Amino acid sequence: MFVTNNDYKIKKLTPKDPDWYISHDNITLTPRAGLEISNRCPENYASLINECINHGWLKPVAYIKESDWAWEQLQK
C-alpha cells in the first residue's frame, strides 16, 4: 500500500508482505520492523502486550519511501 506525502510516496509494509524481510547475505533474513519490550517493562504489561500481538490487535508496521523501495527492487 502506498501513502502519498506532498514530496514523495511512502510504502507501508506489514509482515504479510514479501518485502517485509531484508536479506543481508542471501541467507540471513531480518524483519524491517518489530516490537521490543524492555526488560524493565513490568511482567503484567509485557504479558498484555504479548496477548495483543497474539490476537492480532497490535501489529508491526514499517514505512519506506517509494524511491528507496524501488531502488531495493533493482538490487535483487
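No lab work stands behind these numbers, since they all come straight from the coordinates. All figures in this text were calculated on a predicted structure; none of them were measured in a lab. Glycine also receives a Cβ, built like all others from the backbone with ideal geometry; neighbour counts cover every protein chain displayed.
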- Query: What are the residues whose amide H is under 5 Å from the amide H of residue 10, where those residues sit 5 or more places off or on another chain and H is modelled from the backbone?
  - Reply: 3, 4, 5, 66
- What is the distance, in nm, between label points placed 7 Å from the Cα along the Cα-to-Cβ direction at residue 50 and at residue 16? 2.6 nm
- Long-range amide H partners of residue 58, meaning residues 5 or more apart or on another chain whose placed amide H is closer than 5 Å, are 53
